[in-house]
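S.K.: This is the structure I want to talk about, given as structure tokens.
The values are calculated or read from the model by the stated rules, or taken from the named source; none is laboratory data. Note that the structure is a prediction, hence the values are computed from the model and not measured. Positions of Cβ are backbone-derived with ideal geometry, glycine not excepted, and every protein chain shown enters the neighbour counts. Surface accessibility is based on the protein's heavy atoms, side chains included, excluding ligands, DNA and RNA. Shrake-Rupley method; radii C 1.70, N 1.55, O 1.52, S 1.80 Å.
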Amino acid sequence: MVDKSEKFNWLVRVGYFSRAVLYFVLGLLALTSAGAISQGSDGIFKAVEEFPAGTALLWVLVVGLTAYAMFRFASPLFDIENNGSDKKGWGKRLGHAGSGIAHLALAWTAYKVATGSPSGGSGASGAAAGVLSVEFGGVVLGLLGVAFFLAAVNQADKAISGKFMHRISARAPDPTRWLGGAGFAARSVVYVVIGWSLVQAGFLSSGPSQVKTLGEAVAALAGTGWLFTLTAAGLILFGLFSLILARYRIIPEIDSDQGVPKFRAA
């Protein structure tokens, strides 16, 4: 009989697999189909739908991205990653909560594509317009942009330091370190673009149309030459890195009675 912790472990691994598919397709589309990538998340999942057994894969992504979001929400709720409750710890835990929200949004988009439902709006621009319509909405968007800048710094730090390896089994393949480093570096660039779009919309009153989704942020780099190519390639590598995590990520127990999670020190 499978206990709750085993079910949770399994779902998280499906989540990492889903993240692997998402970023691999994102990077591949950036290099091969600028039109699809400019459609944002819809374009990514519509491209997945065209794969052999694409609809079935979409449903795996719906479940997996939702599971990954739940895993990230477990960080602020239960501190399963043992980040602590000081300012730095809560900063990481709130960052994980933000990741949870973002992946739930991606799961919802995948669901809409899988069921053939209309998108029902203009995506990030529509959401940004809703935020801007309320008092201090511009400040909220601007601060969210600053949060993305901080997340970009964190991604770059991971790429350089390799500290993400502490939460990966020592049995992982040798290329894991450089795959993760390249992937986190690419995500750092994308986060800067998303952060700047939010700052423009919020603090500089450039309008909600400035706000970019993951795919749109990558498409915005299309005119930068080598930076665009390296970022797209880095996202493909991040997809491969996430596939390794689906097998070798050390997943702490969600049950607080299990005690402090133990991650390898090197």
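S.K.: Non-local amide H neighbours of residue 250 (under 5 Å, H modeled in plane, Pro and chain starts lacking H): which ones?
M.R.: Here the answer is 168, 169, since their amide H atoms fall under 5 Å of that of residue 250.
S.K.: Taking the alpha-carbon set of the chain, what are its Rg and Dmax in Å?
M.R.: 18.2, 56
S.K.: While we're looking at this one, here's another question. Accessible area per residue, 1.4 Å probe, Å², for the chain: what's the number?
M.R.: Value returned for the chain: 49 Å² of accessible area per residue.
S.K.: So what's the gap between the Cα centers of the stretch 4-48 and the stretch 162-219, to the nearest angstrom?
M.R.: When both Cα centres are located, 14 Å separates them.
S.K.: Follow-up question, since we're still on this one. Using Cα pairs under 8 angstrom and six or more residues apart, how large is the relative contact order of the chain, in percent?
M.R.: 30
S.K.: In addition: I need to check one value: relative contact order of the stretch 94-237, counting alpha carbon pairs closer than 8 Å and at least 6 residues apart, in percent. Don't skip to the end; give the middle numbers.
M.R.: Values: 152 pairs, mean separation 39.4, N = 144.
Here the relative contact order equals 27 percent.
S.K.: State the extension gain, in nm to one decimal, for the chain segment bounded by residue 90 and residue 51, taking 0.36 nm per residue of separation less the distance between their alpha-carbons.
M.R.: Extra length from residue 90 to residue 51 when fully extended: 10.0 nm.
S.K.: Relative to the present Cα-Cα distance, how much length would full extension add between residue 206 and residue 224 at 0.36 nm per residue of separation?
M.R.: Length gained, residue 206 through residue 224: 4.3 nm.
S.K.: Scan around residue 203 for amide H atoms under 5 Å from its own, H built in the peptide plane at 1.01 Å from N, and keep only partners 5 or more places away or cross-chain.
M.R.: Hits under the 5 Å cutoff: 142.
S.K.: Grab the other residues whose beta carbon is less than 15 angstrom from that of residue 32, score K and R as +1, D and E as -1, and report the net.
M.R.: Values: positive: 46; negative: 50.
Surrounding charge for residue 32 is 0.
S.K.: Also, I was wondering about something else. Quick one: putting +1 on the C-beta of Lys and Arg, -1 on the C-beta of Asp and Glu, what dipole do you get for the chain around its Cα centre, in Debye to the nearest 20?
M.R.: Computed charge dipole of the chain: roughly 580 debye.
S.K.: Residue separation times 0.36 nm, minus the C-alpha to C-alpha distance between residue 166 and residue 7: what's the value?
M.R.: Going from the current span to full extension adds 54.9 nm.
S.K.: Something else now. Residue 42 accessible area, nearest 10 Å², 1.4 Å probe?
M.R.: 50
S.K.: Enter the angle in degrees (range 0 to 90, nearest 10) between the Cα long axis of helix 176-202 and the first principal axis of the Cα atoms of the chain, meaning the one along which they spread out most.
M.R.: It works out to around 40 degrees.
S.K.: If we count GluC sites (Glu not before Pro) as exposed when they sit in a DSSP loop and have at most 12 other beta carbons within 10 Å, what is the longest stretch of the chain that avoids them all?
M.R.: It works out to 136-266.
S.K.: Which one of 141, 165, 59 has its Cα pushed farthest toward the positive end of the charge dipole of the stretch 54-211, where Lys and Arg give +1 and Asp and Glu give -1 at the Cβ?
M.R.: About the Cα centre, the residue reaching furthest to the positive side is 165.
S.K.: Out of the total accessible area of the stretch 64-110 (probe 1.4 Å, heavy atoms of protein only), what percent is carbon and sulfur?
M.R.: Whole-percent figure for carbon plus sulfur exposure: 68.
S.K.: Report the net charge of residues surrounding residue 92, where surrounding means a beta-carbon distance below 15 angstrom and charges are Lys +1, Arg +1, Asp -1, Glu -1.
M.R.: +3
S.K.: Between helix 137-161 and the chain, what is the angle of the helix's C-alpha long axis to the longest principal axis, kept within 0 to 90° and rounded to the nearest 10?
M.R.: Between helix and principal axis, roughly 50 degrees.
S.K.: How far is helix 226-248 tilted off the main Cα axis of the chain, in degrees rounded to 10, range 0 to 90?
M.R.: Rounded to the nearest ten degrees, it is 30.
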